[in-house]
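Asker: Quick one: the structure is below, questions incoming.
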Amino acid sequence: MAIKITDECINCGACEPECPNNAIYEGGVEWALADGTTVKGSYTLMDGTEMDADQRNAPVSVDTYYIVPNKCTECQGFHEEPQCAAVCPVDCCVPDEMYQETVDELMEKKARLHI
């Protein structure tokens, strides 16, 4: 399951540098799969759609930091717990119930993001 940042976010930015997948962006900033990963060329997203890794995408949130679910691995294979949640001073980094993934699926996603 991916992590999400709730509306309680105070925009402190503590989470962003902790993400090993560069899945966390400041509100209003466009994102790309290639940012902080080794992904190049065409990439298949969780929903089965294809996307170019360098394609700039609309921000998920404009007002607060946000996490791109297609890049979030809950820090599996890097740390014992999601680092965004560990450093968040207001506990607004929580499991995203819309993205249910097993540890094996998260590890597979990690492998695809960091070849």
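The values are calculated or read from the model by the stated rules, or taken from the named source; none is laboratory data. All of these numbers come straight from a predicted model, not from anything done at the bench. Methodologically, a virtual Cβ is constructed for each residue, glycine included, from the backbone with ideal geometry; neighbour enumeration extends over all protein chains shown.
Asker: Can you find a residue in segment 29-49 that is touching a Gly at 6+ places or on another chain (Cβ under 6 Å) and small (Gly, Ala, Ser)?
Answerer: no
Asker: Additional query: Give me the pairs, please: first residue somewhere in segment 72-88 and more than 17 Å from residue 99 (Cα to Cα), second residue anywhere and basic (Lys, Arg), beta-carbon distance under 9 Å, and either six or more positions apart or on two chains.
Answerer: Going by the 9 Å Cβ cut-off, the qualifying pairs are 77/110; 78/110.
Asker: For segment 20-115, which fully contained strands (runs of 3 or more DSSP E) count at least 3 residues that are touching a Cys at 6+ places or on another chain (Cβ under 8 Å), surrounded by fewer than 13 Cβ atoms within 10 Å (Cβ to Cβ) and among the charged types (D, E, K, R)?
Answerer: Ranges flagged: none.
Asker: What are the residues in segment 9-47 that are charged (D, E, K, R), out of contact with any helix residue (DSSP H, G or I) (no Cβ under 6 Å at 6 or more places or on another chain) and modelled with pLDDT of 95 or more, if any?
Answerer: 16, 26, 30, 35, 40
Asker: Does at least one position in segment 3-13 carry a residue that is in contact (Cβ under 8 Å) with a residue 24 or more places away in the chain, farther than 21 Å from residue 81 by Cα and of a type in the set (Ser, Thr, Tyr)?
Answerer: Among the residues of segment 3-13, not one is in contact (Cβ under 8 Å) with a residue 24 or more places away in the chain, farther than 21 Å from residue 81 by Cα and of a type in the set (Ser, Thr, Tyr), which makes the answer no.
Asker: Let me ask something else. Can you list residue pairs whose Cβ atoms sit under 7 Å apart, with the first residue in segment 98-115 being free of Cβ contacts under 8 Å to residues at least 60 places away in the same chain and within 18 Å of residue 80 (Cα to Cα) and the second being of a type in the set (D, E, K, R) and in a helix (DSSP H, G or I)? Count only pairs 6 or more apart in sequence or on different chains.
Answerer: Correct list of pairs: empty, since none qualify.
Asker: If you don't mind, there's one more thing I want to ask. Go through segment 48-58 and give me each residue that's of a type in the set (Gly, Ala, Ser) and at pLDDT 95 or above.
Answerer: Across segment 48-58, the qualifying residues are 53, 58.
Asker: Same structure again: Regarding residue 13, is this residue surrounded by fewer than 17 Cβ atoms within 10 Å (Cβ to Cβ), touching a strand residue (DSSP E or B) at 6+ places or on another chain (Cβ under 8 Å) and assigned to a loop (DSSP other than H, G, I, E, B)?
Answerer: no
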